[in-house]
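Note sheet for the following structure.
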Amino acid sequence: MDVKEWYMEYKIHKNRPGLLGDIASLMGMLDINIVTINGVEDRTRGMLLQTNDEEKIDLMGKMLKKVDNITITALRPPKLVDILAVRHGRYIERDSDDRKTFRFTRDELGLLVDFLGEVFKRDGNHVIGLRGMPRVGKTESIIAGSVCANKRWTFVSSTLLRQTVRSQLSEDEMTPNNVFIIDGIVSTIRSNEKHHSLLQDIMAMPSTKVIEHPDIFIRESEYTYNHFDYIIELRNSPDEEINYDSFTYTSEPF
């Protein structure tokens, strides 16, 4: 049987000496390997496990339910948020109503870059919206995530250094292995027909697209919220409001 990964999380009620050793010994007897282990939030521990026998995972879960000092809170194939929680020791904040929205602050850029890197490694079509005020670190995080994923990044539109509005890309740029960076304001309000045609071609490609200012992009284009797989919000502080009142809009060509 193929070796599969599992994520296990448990809440500690009484952190007695030897508790982790007992749990690890049980896994060892069942031939379940501990790949990564870390504390996750307050008095919670997360583990990434490997085994080639799903029945052993079920058996271990039933046995650990009888341990008074802990409560199993998760035992499942790992999600992206589980992998990152074990790496960084905390869960990414998610919107309670909109589960595709993830929130970060500027002091969590390392976690955000890791999150983006894991998404960028995946093949196929992925559309990511990135909300945030100017100079909060949006574009820099996308580039760093591309480096982590060993992917090339291509600016389709941007204001990072100067106004960038591409009307065509070279053959080696038009590849699904690239991460395409799109400024939602520039591409919808400050562009021309040639750029819009290029944008449609890129959006139809089985590739990763990261769109800054997704709300403006949705409002000013034919694309909808349903086209997005993830919405990321990046703030300087948790209470910062993301609004577009301070943005300058213009339809003049560049």
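The values are calculated or read from the model by the stated rules, or taken from the named source; none is laboratory data. Please read all numbers here as calculations on a predicted model, not as lab measurements. Cβ coordinates were reconstructed from backbone atoms using ideal geometry, including for glycine residues, and neighbour counts include every protein chain displayed. For accessibility, only protein heavy atoms count, side chains too; no ligands or nucleic acids. Shrake-Rupley method; radii C 1.70, N 1.55, O 1.52, S 1.80 Å.
Side notes on the structure shown:
- Charge tally in the Cβ shell below 14 Å around ILE181, where Lys, Arg are +1 and Asp, Glu are -1, ILE181 excluded: +1
- With contacts taken as Cα pairs under 8 Å at a separation of at least 6 residues, segment 1-153 carries a relative contact order of 22 percent.
- Legend: residues HIS213, HIS13, sorted from most to least accessible area (1.4 Å probe; ligands, DNA and RNA excluded), read HIS13, HIS213.
- Top of PHE180, PHE120, PHE102 by mean-square fluctuation, Gaussian network on the chain, Cα under 10 Å: PHE102
- Against the chain, whose longest principal axis comes from its Cα atoms, helix 138-148 is set at around 60 degrees.
- Principal-axis analysis of the Cα atoms of the chain puts helix 19-29 at an angle of about 90° to the longest axis.
- Since only THR224, VAL186, TYR91 are under comparison, the one whose Cα sits farthest along the positive direction of the charge dipole of the chain, derived from C-beta charges on Lys, Arg, Asp and Glu, is TYR91.
- Estimated inter-spin distance, ASP42 and ARG99, nm [label 7 Å along Cα→Cβ]: 2.6
- Taken per residue, the accessible surface of the chain reaches 52 Å², heavy atoms only and a 1.4 Å probe.
- Computed per residue of the chain from DSSP H runs no shorter than four, each worth -39500 (n - 2.57), the mean residue ellipticity at 222 nm is -9000 deg cm²/dmol.
- What a 1.4 Å probe finds exposed on the chain is 47% carbon and sulfur by accessible area, rounded to a whole percent.
- Across the cross-link table entries LYS14/LYS100; LYS11/LYS79; LYS56/LYS209; LYS79/LYS151; LYS4/LYS66, which are compared at the Cα atoms, the separations over 30 Å belong to LYS14/LYS100; LYS56/LYS209.
- Rounded tilt (10° steps) of 54-64 against the dominant C-alpha axis of the chain: 60
- Computed about its Cα centre, the charge dipole of segment 54-154 is approximately 160 debye, with only Lys, Arg, Asp and Glu carrying charge at their Cβ.
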